[in-house]
1. Ranked from highest to lowest mean number of other Cβ atoms within 10 Å per residue, what is the order of the peptides A:73-81, B:117-125?
2. What is the distance in Å between the Cα centres of the range A:79-130 and the range A:141-182?
3. Give me a comma-separated list of calculated 3J(HN,Hα) values for the range B:173-189, in order, Karplus coefficients 6.51, -1.76, 1.60 applied at θ = phi - 60°, integers in Hz, x for any Gly or Pro.
4. Using the alpha carbon gyration tensor of the range B:64-167, what are the three equivalent-ellipsoid semi-axes (square root of 5 times each eigenvalue), largest first, in whole Å?
5. Could you work out the local net charge near B:Ser75, counting Lys and Arg as +1, Asp and Glu as -1, over the other residues with Cβ closer than 14 Å to its Cβ?
6. Using r as the Cβ-Cβ distance of A:Lys73 and B:Thr98, and R0 as 56 Å, what FRET efficiency do you calculate, to the nearest 0.05?
7. Along the range A:277-286, what does the Karplus equation 6.51 cos²θ - 1.76 cosθ + 1.60 (θ = phi - 60°) give for ³J(HN,Hα), rounded to whole Hz, x for Gly and Pro?
8. Each label point is 7 Å from the Cα along the Cα-to-Cβ direction; what then is the distance between the points at A:Lys113 and B:Ala11, in nm?
Amino acid sequence: MVSNDKNIDLWLWIPGWRPSARPGMTLCAATMLCLFLTPLAFAFDFPELTGRVLDQAGIMSAVTKRDVEAKSKTLEEKSGIQLVVATVKTLEGSDIETYANQLFRVWKLGEAKKNNGVLLLVAPNEHKVRIEVGYGLEGTLTDALASVIISSAIVPRFKSNDFSGGIERGVDGIIGVLGTDSAGWQANALALRSNGNPLIDNIVIEVAIAWCIFVFVAIFVLGYRSRYPKHYVKRRGRRVLVTADTSPRSSSWSGGSWGSSGSSGGSSSDSGFSGGGGSSGGGGASGSW
Amino acid sequence: MSRIMNRIIVARIGLVVALLGIALTVSGCGYNTIPTLEEQAKARWSDVQNQYQRRADLIPNLVATVQGYAAQEKSVLTAVVEARAKATQVKVDVSDLTDPAKIKAFQDAQNQLTGALGRLLAVSENYPDLKSNANFLALQSQLEGTENRIAVARRDYIDAVRVYNTALRTFPTLIWAKTFFAGNKPMAEFTASEGSEKPPQVKF
């Protein structure tokens, strides 16, 4: 390599670059900062999707929660349909249609390609209930059927304060309707489910960012090697990096530091339940008591 | 010696240019951004039109059902049928999305239909036999569902248009907008929320 002390400082045409800086670490820090600056898209304060039954308002009995959770799990295993029951303390001043649709989209219920999610949302303080149906199930669980389920199974029981019974009968009704559509029941629903993994999108992004970091680091290392060639000497036939006290170290990049920036947007729970990436277009029906 | 240094300079410049090229193509502020956002907005507009059409398709059945019980309410029934005919005639092609006047015309026609439907449903309240008719109840729930879908589709369209219009005006996509996409004009949004039964509440 070149061993001329009168090297032109080729890197000074990058404004602000100081040879004494630790370029690799700075870049890592900057990238991690950008990763965390994700914009807030929704104004609502939605609860986390921790499972198939989310009783934020505390109106369901423990037995009902277990039963409904088991039924929903069986439904998903048989058909890939994600049915989530949620009760919320407040609709934050919104109408239940808007709230349910936004919540459905944030939780991403249903498989991404099939959009087969159903959300049964109860807002006891506003006396409103809604069944929000994903795009893919609008033909099966039609608005009319959802309306019938609400008016016949759910609302009469809610009127007599039997929330657990109303929710359970509503879930039975929904599963009944979904079960009659043979197209919805797949033999290997779990295998299909694994095809659309939302976590993979995050992994791809992180790999891309890692690649960019690697390339930038490579540039700096190349620059370093040609700028301080005397530190790369041959010792016993192998090139070894010799660092002096006053010269800057090469970019030491701890590979584990960026790996900890986890994927936001998904959800984690003990049962490992999370949304499949589906969306809803506002189908379903509402009711009040 | 200087030849080697020249090669180093050229190599580095080449590397930076290559990286810049890749970044410009695939990044969120690259060449692809504006066409992608435009297509998304157009797709959302198609959704809006589909939902309005779905509502229009429900109306003949509704009118027939109401006529069976409330034939004397001729004026209201005729108003609905006429408003529907007018609304289905006004169509906005995706290439007309930059023309606010066309969007307004479309919106006005649909608003008229909404008003006529509202009156019809209000009149139906006076006929208990009609109100308890299973077919009518099913149609009513379908109408409510469709109105909700229209609201959601409009919201999605407004969001997509906002993102597209913002990309046309903000840096760095502004550079692409002024050079390669100088012919792209901002898309029109819906003017005001219509007076439907459930006005969507927007939170800021």
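1. Ranking the peptides A:73-81, B:117-125 by packing returns A:73-81, B:117-125.
2. Going from one Cα centre to the other spans 15 Å.
3. For the range B:173-189, the Karplus curve yields 5, 4, 4, 5, 4, 7, 9, 7, 10, 5, x, 7, 9, x, 7, 8, 9 Hz.
4. 33, 16, 9
5. 0
6. Calculated transfer efficiency: 0.70.
7. Residue by residue, the range A:277-286 yields x, x, 9, 10, x, x, x, x, 8, 10 Hz.
8. 4.5 nm
Bear in mind these aren't lab numbers, they're just calculated from the coordinates by the rules spelled out. Just so it is clear, the structure is predicted and the values come from calculations on it, not from any experiment. Because the Cβ atoms are built from the backbone with ideal geometry, glycine has one as well, and the counts that use them run over all protein chains shown.
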